[in-house]
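Participant: Take a look at the following structure, please.
Read the figures in this text as sums done on the coordinates, not as results from a lab. Model, not experiment: these values are computed from the prediction. Note: ideal-geometry Cβ built from the backbone for every residue, glycine included; neighbour counts use all protein chains shown.
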Amino acid sequence: MITGLNHLTLAVSDLERSVMFYSNLLGFSIRMRGETSAYLEAGTLWLALVQDAAVRRGPLAEYSHSAFSVARAELPRLAERLAAAGVSCWQESAGGDSFYFVDPDGHKLELHSGDLRSRLAARATQSTSEGAFPGP
């Protein structure tokens, strides 16, 4: 039985640039850095970065993304830090509890200050009409 997310691995074109992005801007701790890979950690999340010449050259058109948990009070400060660093947004937040952005290789990411319980409560209050997919 699956008990949780073990780690997240992202292919990157420039390992040093990505390590700096995730450590300096997002606050991940560097646990290991090799020639073609690095392991970083934030809270209970283990992030593996692996250099790959075939990595994407920008964001994919699909909605798939990875979301990182942040404290509600920290979200505005982190969003401002990323915006000041010129990080691109890929979607606006409808509820104000998220900041959607891309990393240097175009991986779609999200800073999110809620949890599953708060998301389910918000969904329960939304209209039941089926329209365009508004996001999770």
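Participant: Using a ≥ b ≥ c from the Cα gyration tensor of the range 1-53 (square roots of the eigenvalues), is it rounded, prolate or oblate, where a/c under 1.5 gives rounded and otherwise the larger of a/b and b/c decides, a/b for prolate?
Facilitator: Taking the square roots of the gyration eigenvalues as a ≥ b ≥ c, the range 1-53 is oblate.
Participant: Now for a different question. At a Förster radius of 41 Å, what calculated FRET efficiency corresponds to the Cβ-Cβ distance of S29 and R123, to the nearest 0.05?
Facilitator: 0.75
Participant: How many angstrom lie between the C-alpha centres of the range 9-37 and the range 73-111?
Facilitator: One Cα centre to the other: 18 Å.
Participant: Read through the labelled values [x] -0.54, -1.27; [y] -0.48, -1.55; [z] -0.52, -1.50 and report the label of the one computed as log10 I(q)/I(0) by the Debye sum over Cα atoms at q = 0.12, 0.22 Å⁻¹ from the structure.
Facilitator: From the options [x] -0.54, -1.27; [y] -0.48, -1.55; [z] -0.52, -1.50, the structure gives [z].
Participant: For Cα pairs less than 8 Å apart in space and 6+ apart in sequence, what is the mean separation divided by the residue count of the chain, i.e. the relative contact order in percent?
Facilitator: Relative contact order for the chain comes out at 21 percent.
Participant: Which angle between 0 and 90 degrees, to the nearest 10, do you get for helix 75-84 versus the longest principal axis of the chain when only C-alpha atoms count?
Facilitator: 50
Participant: Using only Cα atoms, find the angle between the long axis of helix 116-125 and the longest principal axis of the chain, and express it within 0 to 90 degrees, rounded to the nearest 10.
Facilitator: Taking Cα atoms only, the helix is inclined about 30 degrees.
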